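The structure appears below as structure tokens.
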Amino acid sequence: MKKIVVYVLCSMFYVLCLSAWAEIITSKDLIENAKMHDNSVVQFQGEVIGDIMARGDNVWVNIKDGTDAIGIYSKKDLIAKAVRYKGDYNYKGDILLVKGVFHRACPQHGGDLDIHIYEASKIMDGFKTPHEISFSKIVTAFSLALAAMGLAVLSAFRRNYGRKNKGS
Amino acid sequence: MILRPKYSDIKIICYYLGKIILGMGLCMALPVLTGMMFGEWDAVLDFVIAMMVCFLFGFSFIRLFYTTETLGWAHGLMVASVSWLMAAFFGAIPLYLSGHFLSFLDAYFESMSGFATTGLSLIQQLDHVSFSHNMWRHFIMFIGGQGVVVIALTFLIKTAGAFTMYAGEARDEKILPNVIHTARFIWLVSLVYLALGTAALTAVGIFEGLPFKKAIFHAMWIFMAAWDTGGFTPQSQNILYYHSMGLEIITISVMFLGALNFKLHYAVWTGNKKELIKNIEVITLFITIITTFSLCAVGLARAGIYPHAISLFRKGFYQVISGHVGTGYSTIYARQFITEWAGLPIIATIIAMALGGCACSTAGGIKALRIGIIFKALRQDIKKMLLPEDVVVIQKFHHIRDIILEDKHLRSAAMIALCYLLLYFVGALAGMILGYSPLESLFESVSATANVGLSCGITNAYMPALLKLTYIFQMWIGRLEFMSVFVLFGFIISMVKGK
């Protein structure tokens, strides 16, 4: 009986740990409850935005979950394997799931709020964002340009006409 | 008896407004070129549309209200106050067309924040904004920092009443005898620093792992917003995005230089380096920065957030100096001000923001010169009380030259300081009425009025429209330092009630 109770308790503890680990934390939660999560292992998911900035054997990459972007510090090869598209005007970045240690004020990086990761996996591929030229914008721009040019010519003509009249 | 303005008054104002709008349209050539360089044709169209709207309005105003009459004081102040509202309106058109704003009001907020060099932002998906729109966001800060009227004076307006417009932009000090030469000097200083600052920031950017092209553009934009004590950045995490101490050191230097009086720059450029240690503004600014940072550091140390002194200094000093000089660059998240910095650190940051940089600079807030004068006057009064009645106490202060402190200096300084304090309070009250906590409301209100741009999280696209309008008003009136806006109100009243 005693063995069964210990087994059940251990199993419950393992499941609880697993569910806690499996839960993906949000940037809002990390920022609002930074003290609570300090130095704990977290899973964070979001879009890779901007650039991968190399610092020796490591890199900085910023991942945004829709609310805020969090700085991710990682080994170079870990990110190089996982990331293809980085989010900017032309691309929607890859969606990454990362796991690592969260720092409310990182002692290694001047007090930055960051995550030092040791696992990264791609959840979804990024893609090129289409930027089709809007036909209505072309028509509007063309019409306004014509009107502005007409007004400028009219102004110049009237000014010249006025000068001639003054002269005569 | 109030006199109703004549049609000729309105003609003069509209004629010069037309020229300024035309200038605004010409400024849009820069983002157009940027868009063409990066093949962002959809974005280019946004700017072509906005540019043409500016030309249409500009030419119409110049044609319809053509006049050769000289600007009077009231006209100049009116032109200054209205031109900022109009510049923000026309500047908002390409921003709204980008599709990164939920409403035109949000785009107008962003544009006013840019021109007023505040840095509060309502943009959506900033990390996916085009190079051309980012160029515009930062360029309007560069224009606004120097002054919308200053740019027009430099290139488009050559008139006898130019000083009135120049003064209306909260620049009551002429650096050179001629106001157009003064405007050109302001641009010369800014462009020289732009070249140097961009080069330094590009080098740091490349060293920290940014691609070459991006390093150049990010460097230019960060310089523009730092020098003009603006605070916009091309990435949503602000300066934290770069995770770079080198970049933090350079931006601190640039924003500090931007917060210095252009008259002081002129003195140093012409070899008078002693001015740097004698000037009342520099001394006051130095004392207030040290005091507010010390308060912040004590608070942060007590809270025990940062693991060692270097991180505490790096985070504390950066936010305090950025708030003090009115830039609004940050290396912490907006909500951390409330969740981590609550207590002494946030109070120190609010005080720093409220005090501001130097007069005749790109900074906002009450200004170091006024604080210095008020303290000198206080010292004089205490001396008077301590000495026998028949002793005449003369108090001097050094600002480019030695000046005897008179009642008119104190009156002017105290009046503007009081106006700022009232506006800080009114904005905070608006925030509280709309359901935010007193501390958050005060923080955001001071940030908007002093044209700082640090946020504790209130400013976002989903905040009440009434609060957006309040902050737009605060940014505008705070940037122009009240007088020209009061003249505008007076003008409107005289139109209605005048005889």
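The values are calculated or read from the model by the stated rules, or taken from the named source; none is laboratory data. Note that the structure is a prediction, hence the values are computed from the model and not measured. Glycine also receives a Cβ, built like all others from the backbone with ideal geometry; neighbour counts cover every protein chain displayed. To get the accessible areas, we keep the full protein, side chains included, count just its heavy atoms, and leave off ligands, DNA and RNA. Shrake-Rupley method; radii C 1.70, N 1.55, O 1.52, S 1.80 Å.
Does any residue of the range B:350-371 turn out to be touching a Phe, Trp or Tyr at 6+ places or on another chain (Cβ under 7 Å), more than 27 Å from B:Ile143 (Cα to Cα) and surrounded by 24 or more Cβ atoms within 10 Å (Cβ to Cβ)? The answer is no; no qualifying residue exists.
Scanning the range B:312-335 for residues that are closer than 22 Å to A:Ser27 by Cα, in a helix (DSSP H, G or I) and in contact with an Asp or Glu (Cβ under 9 Å, 6 or more places away or on another chain) yields a single hit, B:Lys315.
Every listed requirement among (1) within 12 Å of another protein chain (Cβ to nearest Cβ); (2) open to solvent by 30 Å² or more (accessible area, probe 1.4 Å) is met by A:Asn62 save one, (2). The requirement of being more than 10 Å from chain B (Cβ to nearest Cβ) and closer than 28 Å to B:Gly99 by Cβ is not satisfied by A:Gly87.
All of (1) without any contact (Cβ under 8 Å) to a residue 12 or more places away in the chain; (2) surrounded by fewer than 18 Cβ atoms within 10 Å (Cβ to Cβ) hold for A:Asp125 with one exception: (1).
Looking at the range B:80-92, which of the residues that are farther than 12 Å from B:Ile13 by Cβ and of a type in the set (A, V, I, L, M, F, W, C) is surrounded by the fewest Cβ atoms within 10 Å (Cβ to Cβ)?
B:Leu85
Look at B:Leu405 and say whether it is more than 23 Å from the chain's Cα centre (by Cα), open to solvent by 90 Å² or more (accessible area, probe 1.4 Å) and more than 27 Å from B:Val149 (Cα to Cα). Considered against the rule, which asks whether it is more than 23 Å from the chain's Cα centre (by Cα), open to solvent by 90 Å² or more (accessible area, probe 1.4 Å) and more than 27 Å from B:Val149 (Cα to Cα), B:Leu405 comes out as no. Check whether at least one residue in the range A:108-121 is more than 10 Å from every other protein chain (Cβ to nearest Cβ) and in contact with a Leu (Cβ under 6 Å, 6 or more places away or on another chain), and report yes or no. Yes. Taken over the range B:119-134, residues that are over 20 Å from B:Phe47 (Cβ atoms) and either assigned to a helix (DSSP H, G or I) or within 14 Å of chain A (Cβ to nearest Cβ) (or both) amount to 1. Do we have B:Leu264 as open to solvent by less than 10 Å² (accessible area, probe 1.4 Å), more than 21 Å from B:Met475 (Cβ to Cβ), more than 14 Å from chain A (Cβ to nearest Cβ) and over 15 Å from the mean Cα position of the chain (by Cα) here? Yes. Residues in the range B:387-402 that are out of contact with any strand residue (DSSP E or B) (no Cβ under 9 Å at 6 or more places or on another chain) and in contact (Cβ under 8 Å) with a residue 12 or more places away in the chain were compared, and the one that is surrounded by the most Cβ atoms within 10 Å (Cβ to Cβ) is B:His399. Of the residues contained in the range B:340-349, none is found to be away from chain A (no Cβ under 14 Å), acidic (Asp, Glu) and crowded, with 22+ Cβ neighbours inside 10 Å. Residues in the range A:81-111 that are touching a helix residue (DSSP H, G or I) at 6+ places or on another chain (Cβ under 8 Å), open to solvent by less than 40 Å² (accessible area, probe 1.4 Å), at pLDDT 95 or above and closer than 24 Å to B:Lys214 by Cβ: A:Gly87, A:Tyr89, A:Asp94, A:Leu96.
Residues are listed down the side, and each one gets a yes or a no for (1) open to solvent by 30 Å² or more (accessible area, probe 1.4 Å); (2) within 28 Å of A:Tyr89 (Cβ to Cβ); (3) at pLDDT 95 or above; (4) aromatic (Phe, Trp, Tyr):
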| position | (1), (2), (3), (4) |
| --- | --- |
| B:Ile12 | no, no, no, no |
| B:Leu45 | no, yes, yes, no |
| B:Val48 | yes, yes, yes, no |
| B:Gly58 | no, no, no, no |
| B:Tyr66 | yes, no, no, yes |
| B:Met78 | no, no, no, no |
| B:Pro94 | no, yes, yes, no |
| B:Leu97 | yes, yes, yes, no |
| B:Tyr108 | yes, yes, yes, yes |
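Summed over the range B:416-474, the residues that are in a helix (DSSP H, G or I), at pLDDT 95 or above and of a type in the set (Val, Ile, Thr) give a count of 6.
Put simply, of B:His181, B:His243 the only residue that is open to solvent by 10 Å² or more (accessible area, probe 1.4 Å), at pLDDT below 90 and not hydrophobic (A, V, I, L, M, F, W, C) is B:His181.
Could you run through the range B:237-275 and say how many residues are at positive phi and in contact with a strand residue (DSSP E or B) (Cβ under 6 Å, 6 or more places away or on another chain)?
Final tally of qualifying residues: 1.
Here is the figure for the range B:427-458: residues that are free of Cβ contacts under 8 Å to residues at least 24 places away in the same chain, open to solvent by 40 Å² or more (accessible area, probe 1.4 Å) and of a type in the set (A, V, I, L, M) total 3. Residues that are outside any helix (DSSP H, G or I) and not polar (S, T, N, Q) within the range B:215-268 comprise B:Asp228, B:Gly230, B:Gly231, B:Phe232, B:Pro234, B:His243, B:Ala259, B:Leu260, listed in sequence order.
Condition first: in a helix (DSSP H, G or I) and within 30 Å of B:Ala116 (Cβ to Cβ). Can you find one or more residues in the range B:378-396 that meet it?
If we filter the range B:378-396 for residues that are in a helix (DSSP H, G or I), which is where we start, we get B:378-386.
Now restrict to residues that are within 30 Å of B:Ala116 (Cβ to Cβ): none.
So far as the range B:378-396 goes, no, none of its residues is in a helix (DSSP H, G or I) and within 30 Å of B:Ala116 (Cβ to Cβ).
Selection of the range B:293-335 for residues being within 25 Å of A:His37 (Cβ to Cβ), surrounded by 23 or more Cβ atoms within 10 Å (Cβ to Cβ) and without any contact (Cβ under 8 Å) to a residue 60 or more places away in the chain yields B:Cys296, B:Leu300, B:Ile305, B:Tyr306, B:Lys315, B:Gly316. Residues of the range B:206-221 that are in contact (Cβ under 8 Å) with a residue 40 or more places away in the chain and either open to solvent by less than 10 Å² (accessible area, probe 1.4 Å) or within 11 Å of chain A (Cβ to nearest Cβ) (or both): B:Trp221 alone.
The range B:1-118 holds helices (runs of 4 or more DSSP H) entirely within its bounds, and those carrying 1 or more residues that are among the aromatic types (Phe, Trp, Tyr) map to B:7-27, B:41-64, B:73-97, B:104-115. Filter the range A:50-59 for residues that are of a type outside the set (Asp, Glu) and more than 11 Å from the chain's Cα centre (by Cα); which is surrounded by the fewest Cβ atoms within 10 Å (Cβ to Cβ)? Looking at the filtered set, the residue picked out is A:Gly56.
So that you can scan it fast, the table gives a plain yes or no per residue for (1) closer than 26 Å to B:Tyr420 by Cβ; (2) at pLDDT below 95; (3) in contact with a Gly (Cβ under 7 Å, 6 or more places away or on another chain):
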position	(1), (2), (3)
B:Ala297	yes, no, yes
B:Leu300	no, no, yes
B:Gly304	no, yes, no
B:Phe317	yes, no, no
B:Tyr333	no, no, no
B:Ile350	yes, no, no
B:Ala354	yes, no, yes
